[in-house]
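The structure under discussion appears below in the form of structure tokens.
None of the figures in this text is laboratory data; all of them are computed from the coordinates on show. Here the structure is a predicted model, which is why all the values come from computation and not from measurement. All Cβ positions, glycine included, derive from the backbone under ideal geometry; neighbour counts span all protein chains shown.
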Amino acid sequence: MDTIMTIKAFGKNAAPAIEEAELYVENLENTISAVKEGSRLFIINNSINENFSITEPDLIDILLYSLEAAEKTDGAFNPLIYSVTKEWGFTNSLYKVPSDEKINELMAQCDFTKVKVQLNSEKSDEGQKSILKLYKPVNASFDFGALGKGFAADRILEILKKYGIESALLDLGGNIQLLGKKPDSSLWKVGIKNPLPDSNQKIPIALTLSDCAVVTSGGYERYFTSEDGRTFIHILDGRTGYPVNNGILSASAVSSSGLYADFLSTSLFVLGKAEALEYWRNHKDFDFILIMDDFSLSYTSGLKDKIQLLDDFSSVEILE
Ligand code: AMP
Ligand code: MG
């Protein structure tokens with residue numbers, strides 16, 4: 001994974017548990033990475049075939065989840081956005097502003113409604129085995145960049161639990177996942193990064209939590225400035241193919257699942273404040289925090305007793 005991973009696990013089997021988790025993540029890369037040459041996904045994305053039989057459980061799970069995510073957000077979250085992300089240069093840091101024609105042409109390849117899936121179950125020596133029949137148009141490429149860290153974090157926690165670990169903190173490139181409480185039974189403290197460019201890195205928000213995932217999406221993670229001074233960020237609107245420009249500097253999601261929080265942070269970022277709030281009101285199984293470009297803050301009411309503000313925001317709104 002193109003990211004730094006820290007696992008802090010407490011308990012007597014922590015060392016072998018962490019070893020297995022690290023091995024798992026290494027192997028996961030070989031299955032679900034869109035950028036790693038030779039990975040299973042890389043081969044599928046670059047194949048001249050349109051029909052595939054997928055047997056890798058992780059790839060099946062994340063692929064089906066990504067298509068559901070696209071449906072739930074009407075394409076704001078779009079797992080087929082890869083060819084457009086690539087055209088903007090976000091996959092290799094050779095940034096450029098594509099023409100409108102080029103974006104429209106590539107967006108035709110990102111139509112997730114053209115993808116067809118059928119999940120079958122077959123008997124094998126190891127018991128029942130899932131097989132996913134996938135049809136995708138030849139130019140359509142999947143990218144699980146917006147889900148992969150959350151997916152991995154959930155799986156790592158399963159591994160740690162298998163070893164009897166009851167207290168752990170994972171940091172997968174900014175995706176924070178907490179298992180239980182701290183070894184001394186107090187709650188964990190998680191900071192939300194300052195999303196302002198060139199900020200002095202003062203942590204503006206601290207959350208006091210246990211047993212949950214905290215995932216933040218922000219333009220500050222990857223962006224470029226064009227010759228005419230415009231800034232373009234790596235999170236694109238999956239419906240248009242253009243970098244999001246809706247006033248949100250960072251969107252954080254807090255939920256019991258890392259995968260769900262990862263999906264949410266990206267999706268809420270793309271949806272913008274009004275639609276994000278509507279999504280939350282329709283689901284209510286997570287909380288979120290938005291920091292806007294006027295340094296105003298809004299967060300959902302479930303965080304009221306868990307949030308501590310460490311910086312001066314221009315305004316603070318609690319969303320109900
Ligand atoms: P995250 O940091 O989890 O918000 O994921 C951002 C990454 O997801 C980007 O770097 C792209 O690889 C990919 N991506 C960008 N825009 C979208 C989108 N609208 N839907 C799904 N994935 C996206
Ligand atoms: Mg995400």
Give the residues of region 279-312 that are within 16 Å of ligand 1 (Cβ to nearest atom) and either loosely packed, with under 12 Cβ neighbours inside 10 Å or under 11 Å from Ile248 (Cβ atoms) (or both), sorted by residue number. Phe288, Ile289, Leu290, Ile291
Might you check whether a residue that is crowded, with 18+ Cβ neighbours inside 10 Å, β-branched (Val, Ile, Thr) and not in a helix (DSSP H, G or I) occurs anywhere in region 258-270? no
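Yes/no matrix, rows are residues, columns are (1) within 16 Å of ligand 2 (Cβ to nearest atom); (2) touching a Lys or Arg at 6+ places or on another chain (Cβ under 8 Å):
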residue	(1), (2)
Ala168	no, yes
Gly173	yes, yes
Lys193	yes, no
Gly219	yes, no
Arg222	yes, no
With region 1-100 as the region, which helices (runs of 4 or more DSSP H) entirely inside it contain at least 2 residues that are touching an Asp or Glu at 6+ places or on another chain (Cβ under 8 Å)? 14-32, 82-87
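For (1) within 11 Å of ligand 1 (Cβ to nearest atom); (2) surrounded by 23 or more Cβ atoms within 10 Å (Cβ to Cβ); (3) in contact (Cβ under 8 Å) with a residue 40 or more places away in the chain; (4) aromatic (Phe, Trp, Tyr), each residue gets a yes or a no:
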| site | (1), (2), (3), (4) |
| --- | --- |
| Ala146 | yes, yes, yes, no |
| Ile156 | no, yes, yes, no |
| Lys161 | no, no, no, no |
| Ile165 | no, no, yes, no |
| Asp171 | no, no, yes, no |
| Gly174 | yes, no, yes, no |
| Gln177 | no, yes, yes, no |
Working only within region 214-257, note down all residues that are assigned to a helix (DSSP H, G or I) and touching a Ser or Thr at 6+ places or on another chain (Cβ under 8 Å). Gly219, Tyr220
Count, please, the residues in region 264-278 that happen to be near ligand 1 (Cβ under 8 Å from one of its atoms) and either under 17 Å from Gly173 (Cβ atoms) or not aliphatic (A, V, I, L, M) (or both). 4
Is it fair to say Glu126 is of a type in the set (D, E, K, R), under 20 Å from Pro243 (Cα atoms), surrounded by fewer than 18 Cβ atoms within 10 Å (Cβ to Cβ) and out of contact with any helix residue (DSSP H, G or I) (no Cβ under 8 Å at 6 or more places or on another chain)? no
Out of (1) farther than 22 Å from Thr266 by Cβ; (2) in contact (Cβ under 8 Å) with a residue 24 or more places away in the chain; (3) touching a Leu at 6+ places or on another chain (Cβ under 9 Å), what's the single condition that is false for Leu187? (2)
May I ask you to list the residues in region 42-90 that are over 18 Å from Val115 (Cα atoms) and either away from ligand 2 (no atom under 16 Å from the Cβ) or of a type in the set (Phe, Trp, Tyr) (or both)? Glu56, Pro57, Asp58, Lys86, Glu87, Trp88, Gly89, Phe90
